[in-house]
Amino acid sequence: MQTIDKFNFSGKKAFVRVDFNVPVDENFQITDDTRIRAALPTLKKILADGGSLIIASHMGRPKKNPDTKFSLKVIVPHVSKLLGVNLKFASDCMGAETAALASSLKAGEALLLENLRFYAEEEGKPRGEFATDEEKAEAKKAVKESQKKFTATLASYADCYVNDAFGTAHRAHASTALIAKHFDESNKMFGYLMEKEVNAVEKIMKDTARPFTAIMGGSKVSSKIEIIENLLTKVDNLIIAGGMTYTFTKALGGKIGNSICEDDKLDLALELLDKAKKNGVNMVLAVDAKIADNFSNDANTSFVKVDAIPDGWEGLDIGPETEKIFSDVIKNSKTILWNGPTGVFEFDNFTSGSRAVGNAIVEATKNGAFSLVGGGDSVACVNKFGLFDGVSYVSTGGGALLEAIEGRVLPGIEAIRGY
Ligand code: AMP
């Protein structure tokens, strides 16, 4: 497989798919440029080699072409500054003018294409309303057909293809997967960010040092079933935290008061416990809870056994006994995956459990464990508690990471290296 480090970009034009889907405020100012910074090592390596860049990304969810509130033009000055070059901009990712701009690029120059998703062909999904299923099927067929030309056009701009957009690796879109077919093995590769993400996932899912502990938090079991099921074939310890705790507690006959619960998932919770037992996985559940008399930071609070929550009260975080149990398991682990907070960490009075989990992960990491934190809210936790530098890797890819943990093949990865 080709790698970015081995590849010499001198004299080559590189089509680089990045994730520049950054948040912007009402004045079109970037409010968080993490995603742009994350792609810089790849972009800078290509320029430093004497290559030129055709940078492509999506932004937001445009519904038409053009949909100016989603124009990537607004990020040009900032990217220019970070990259240290005068970034050119193609106001359409298709068309003769863009092809000419790409073809005239000289060594060390960079061109940003307008939002790929202005074209329905990028995602390969038809737009608009359809009166019948047949009409929709026809429209889908048409967009899939025109997607071939769209993809070939993007590929025609460059000599090589670099995918550095892990955030969209779980999508089989034109620029994230299909385009790779237009380049031979030696001319397509992951960028540095993508490489790091893929390696981090492999380190926990394939090349696992044991014991392996996963901490699954967040609000609902239903959104994490497939991940939990896959993890039950991989981990030694599975810590269940956050709102989903109470579905398990209720399934086991406990009293959960007004705590969040999915009543239609009680059987599933029991099945997961049973599967854990069969697989020899130590399923670690909370034993106590910090409860509140309403869903707010200023609610009255108390600590109780997790299965004895009075009516009118709800569990918004784990209690101190559980913090200790979770921390001990984590500190004795060699591989750790954290997805989802232990409680409503957005309220300062209910951060203690998530903080304890984060601190235990940092300590285990200091002692040689590999720790991966991923999925929106656990990343927010790590940032809120200033623990970013204490864990081995914080993933940038929400959905992509979760699908990888579910054990799915990600099209963006498969397109580069096959399986
Ligand atoms: P998820 O997106 O499924 O990872 O869920 C994250 C959300 O779960 C966060 O916004 C937390 O506030 C919420 N959460 C965690 N614990 C609880 C709880 N005990 N009750 C209600 N919401 C919770």
Take residue 281 and tell me if it is within 16 Å of the ligand (Cβ to nearest atom) and open to solvent by less than 40 Å² (accessible area, probe 1.4 Å).
no
Conditions (1) under 29 Å from residue 22 (Cα atoms); (2) open to solvent by 30 Å² or more (accessible area, probe 1.4 Å); number of the one not met by residue 210:
(1)
Only unsatisfied item for residue 321, checking (1) modelled with pLDDT of 95 or more; (2) closer than 30 Å to residue 209 by Cβ; (3) open to solvent by less than 30 Å² (accessible area, probe 1.4 Å), is (3)
Can you name the residue in segment 355-382 that is near the ligand (Cβ under 9 Å from one of its atoms) and touching a strand residue (DSSP E or B) at 6+ places or on another chain (Cβ under 7 Å) and is also farthest from residue 316 (Cα to Cα) among such residues?
375
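Quick grid of which residues meet (1) polar (S, T, N, Q); (2) open to solvent by 50 Å² or more (accessible area, probe 1.4 Å); (3) assigned to a helix (DSSP H, G or I):
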{"residue": "140", "(1), (2), (3)": "no, yes, yes"}
{"residue": "149", "(1), (2), (3)": "no, yes, yes"}
{"residue": "154", "(1), (2), (3)": "no, no, yes"}
{"residue": "171", "(1), (2), (3)": "no, yes, no"}
{"residue": "181", "(1), (2), (3)": "no, yes, yes"}
{"residue": "201", "(1), (2), (3)": "no, no, yes"}
Residue 315 closer than 26 Å to residue 230 by Cβ, crowded, with 17+ Cβ neighbours inside 10 Å and either among the polar types (S, T, N, Q) or touching a Ser or Thr at 6+ places or on another chain (Cβ under 9 Å) (or both):
no
In the list 227, 240, which residue meets the criterion of being within 16 Å of the ligand (Cβ to nearest atom), under 20 Å from residue 278 (Cα atoms), touching an Asp or Glu at 6+ places or on another chain (Cβ under 7 Å) and β-branched (Val, Ile, Thr)?
227
Selection status of residue 347, away from the ligand (no atom under 16 Å from the Cβ), farther than 19 Å from residue 211 by Cβ, hydrophobic (A, V, I, L, M, F, W, C) and open to solvent by 30 Å² or more (accessible area, probe 1.4 Å):
no
Count - residues of segment 239-294 that are acidic (Asp, Glu) and assigned to a helix (DSSP H, G or I):
5
Starting from segment 327-347, keep only residues that are farther than 14 Å from residue 382 by Cβ, then list their pairs with residues that are within 7 Å of the ligand (Cβ to nearest atom) whose Cβ atoms are within a distance under 6 Å, requiring at least 6 positions of separation or different chains.
343/316; 343/317; 344/316
Would you call residue 352 more than 16 Å from the ligand (Cβ to nearest atom), within 29 Å of residue 299 (Cβ to Cβ), open to solvent by 10 Å² or more (accessible area, probe 1.4 Å) and over 24 Å from the mean Cα position of the chain (by Cα)?
no
Being under 12 Å from the mean Cα position of the chain (by Cα), over 17 Å from residue 230 (Cβ atoms) and modelled with pLDDT of 95 or more, is that true of even one residue in segment 398-412?
no
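Of all residues in segment 324-342, which are buried (at least 23 other Cβ atoms within 10 Å of the Cβ), part of a loop (DSSP other than H, G, I, E, B) and away from the ligand (no atom under 14 Å from the Cβ)?
333
The values are calculated or read from the model by the stated rules, or taken from the named source; none is laboratory data. Fair warning: this is a prediction, and the values are worked out from it, not measured in the lab. Don't worry about glycine lacking a Cβ; one is built from the backbone with ideal geometry, like all the others, and counts go over all protein chains shown. Protein only, heavy atoms only, side chains kept; ligands, DNA and RNA dropped before computing areas. Shrake-Rupley method; radii C 1.70, N 1.55, O 1.52, S 1.80 Å.
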